Each structure stands twice: as structure tokens, then as C-alpha cells.
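As C-alpha cells, the structure follows; a few thoughts come after it.
The values are calculated or read from the model by the stated rules, or taken from the named source; none is laboratory data. These numbers were taken from a predicted model, which means no experiment stands behind them. Please note: Cβ atoms are built from the backbone with ideal geometry, for glycine as well, and neighbour counts cover all protein chains shown. Side chains included, ligands, DNA and RNA excluded: accessible areas come from the protein's heavy atoms. Shrake-Rupley method; radii C 1.70, N 1.55, O 1.52, S 1.80 Å.
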Amino acid sequence: MDSPLSKEAVFRFAPSPNGLLHLGHAYSAILNHDLAMAANGRLLLRIEDIDTARCRPEYEEAIYRDLHWLGIEWERPVRRQSEHFAFYQRALEELRERGLAYPAFLSRGEVREKVAAFEAIGRTWPRDPDGAPCYPTEERRLDRALAARWIAEGRQHAWRLDMDAAIAAARDRRYGRVLEWSEAGAGPDGETGTIIARPERWGDVVLSRPDAPSSYHLSVTLDDAAQGVTHVVRGQDLFHATSVHRLLQVLLDLPQPLYRHHGLVRGADGRKLSKSNGDTGIAAYREKGLLPSDLRALFARDGLVLH
């Protein structure tokens, strides 16, 4: 399915409660709110708490507090990813049964060693759009009986998408048509309009790992479909990840939303804001006596549109 889920415009803001929201989150939340209101649509809030080790209830409460202060309202109930692990596991099982996912046993240290040895002789290891080394692919061919025994013995493993097999399966489902998406915003290099997806640049992405029953890629794709999201409005740092999401949408027969990637709010050093920088947190601005209108003026001054 390649059309949005419904004619009604449905937007969403989906933060992770692993720290306090900063100005970048405020901009994305306000933009989603304003676009939803302008379209006479709906705004959903999703709490992306897959990482149960880092996500905390106090940060979730802070999200609600910050959004209320910004004047943003959303539909209830809020979808919390930690309540839907079984939903993600069913999709993972489907991909496994179709031979599109495999168990991966290499630790991060072992991957680093492989990359270092490969590059020590002057060769270049492929890296994903975020600059991280792509995962080695030899385990795609690992004997299934051996892999099953290792799993039964409790050996730590993640489930990864066999990118080559996945792209081939998606091509069959689309009868050879190019995988693409409609971009209403712009990527980091100004990419807009019809964008050709290139999921192969990510290598064999994680679908599930020991400390998180579902990856960001899998859960966000499934949630957007389950919630009827028609417009995904998010930062340019997630522009390239859309290629993986489009691939999963085709593989799992999910609707394709419209995408709009927006510019990022940056710190004085020009870098993307981090939750570890408390001075750029929404709460810090509120405690200084600023108003939400002051933040809107700040965004406008920096050339970040709110329409």
C-alpha cells in the first residue's frame, strides 16, 4: 500500500523520555501542532520508550509538563511503545519466517576489530549515513541449526534485516518500481520532492536486540501505520532513515505517509542540540520567565518556519 491511511490529516510528535526536551523538540512539537491545526487535522503524542534502561517516568512527566506550557494539546490516550512489544514481535516474526531477518551474534567490540583489521590494510569499510560502520554480512549465511543452538544456549544476539534479501523482496512486491517517497520539506542537502530511497546505505539494520525488543526503525514504522499517521514531520537528522522506513512499509504492506523533514535548532557551536545540554532545555527557558511566544520569535529569528 502506498497511499496515506486516510483523507484526514494526522500528525504526531514522538519524543523519547530519556532526558529533558530541548529547543529542538519544542520546534518540532510546535510545527506539528501548527500544521495539524492548519489542516483541521489531528495531533497525536507517542512516547517512544523502547529503551527501558534509559527511559524514566519522571522524564515522561516532564514531556507532558513542557508541552502543556507550550500550549500544545494532543489526543488521548497516549501511545507508549513499551506497551506494544508483542505487536512489534509479530512483525519481526513475519520477517524472520520470510527469510528477511537473521540472528547476529557479533559484539560491538568484535565489529570494531573486524573494521580496524579491514582498514589497516588500506581498504575502506562501508559506513551508514550517520557515519557508523555497517554490520558485517557473513552471518547472513550462518547455519540455521547452529544459530538455533546458540540462541537456545542463551548466547546474546540481535535480529538484523538482511538488506540485500529485503530489497529484492520489496522489488518483487513493487514489480520492479523504484522505492521512493514524497518529501514536502528538505533533507540536509536540500533534497525535496520525489526522493529515491537508498536503504542499502544502512547495511543490515537492527530490528531487535537484547536490551530492546524492537528497534527504532521497526517500531516507528509500525506505530505510524497503527496510529493512522498521514504526515510525518520530523528533523533533518532522520531524513536518511526514511529509506529504511519506506522499505519496511513495502515489506509489511503498510501505508506510506507524506514526509516533511525540517531544519534543526543548533547550539552556539553549530551542533545539533542534545538532551545533555540543560541550558537549552524547554524547562530552563520556562524557569527564566520566558513565554512560548518568545520561543516562536527565537525560531523565526533563526529562519525556522512554523507553517
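Collect the residues in segment 14-39 that are within 13 Å of Leu306 (Cα to Cα), of a type in the set (Ser, Thr, Tyr) and surrounded by fewer than 23 Cβ atoms within 10 Å (Cβ to Cβ), keeping them in residue-number order.
Scanning segment 14-39 gives a single hit, Ser28.
Output the qualifying pairs, or none if there are none: Cβ atoms under 7 angstrom, residues six or more apart or on different chains, first residue in segment 111-127 and closer than 20 Å to Met163 by Cα, second residue surrounded by 12 or more Cβ atoms within 10 Å (Cβ to Cβ) and of a type in the set (Asp, Glu).
From residues that are closer than 20 Å to Met163 by Cα, the pairs are Trp125/Glu119.
Within 30 Å of Leu44 (Cβ to Cβ) and touching a residue at least 40 places away in the same chain (Cβ under 8 Å): does that describe Glu83?
It is false that Glu83 is within 30 Å of Leu44 (Cβ to Cβ) and touching a residue at least 40 places away in the same chain (Cβ under 8 Å).
Output the qualifying pairs, or none if there are none: Cβ atoms under 8 angstrom, residues six or more apart or on different chains, first residue in segment 295-307 and of a type in the set (Lys, Arg), second residue assigned to a helix (DSSP H, G or I).
Arg296/Ile30
When the residues of segment 175-187 are filtered to those that are at pLDDT 95 or above and open to solvent by 50 Å² or more (accessible area, probe 1.4 Å), which remaining residue is farthest from Tyr135 (Cα to Cα)?
So, considering only residues that are at pLDDT 95 or above and open to solvent by 50 Å² or more (accessible area, probe 1.4 Å), the one farthest from Tyr135 (Cα to Cα) is Ala184.
With over 16 Å from Asp128 (Cβ atoms), polar (S, T, N, Q) and under 18 Å from the mean Cα position of the chain (by Cα) as the only criterion, which of Thr221, Thr192 stands out?
Among Thr221, Thr192, only Thr221 is over 16 Å from Asp128 (Cβ atoms), polar (S, T, N, Q) and under 18 Å from the mean Cα position of the chain (by Cα).
Looking only at segment 40-67, count how many residues are of a type in the set (Asp, Glu) and open to solvent by 50 Å² or more (accessible area, probe 1.4 Å).
2
Out of segment 97-117, which residues are at pLDDT below 95 and either of a type in the set (Ser, Thr, Tyr) or over 17 Å from Gln156 (Cα atoms) (or both)?
Within segment 97-117, just Ser107 meets the criteria.
For residues that are out of contact with any strand residue (DSSP E or B) (no Cβ under 7 Å at 6 or more places or on another chain) and either open to solvent by less than 40 Å² (accessible area, probe 1.4 Å) or among the acidic types (Asp, Glu) (or both), scanning just segment 68-80, find the one that is nearest to Leu290 (Cα to Cα).
Leu70
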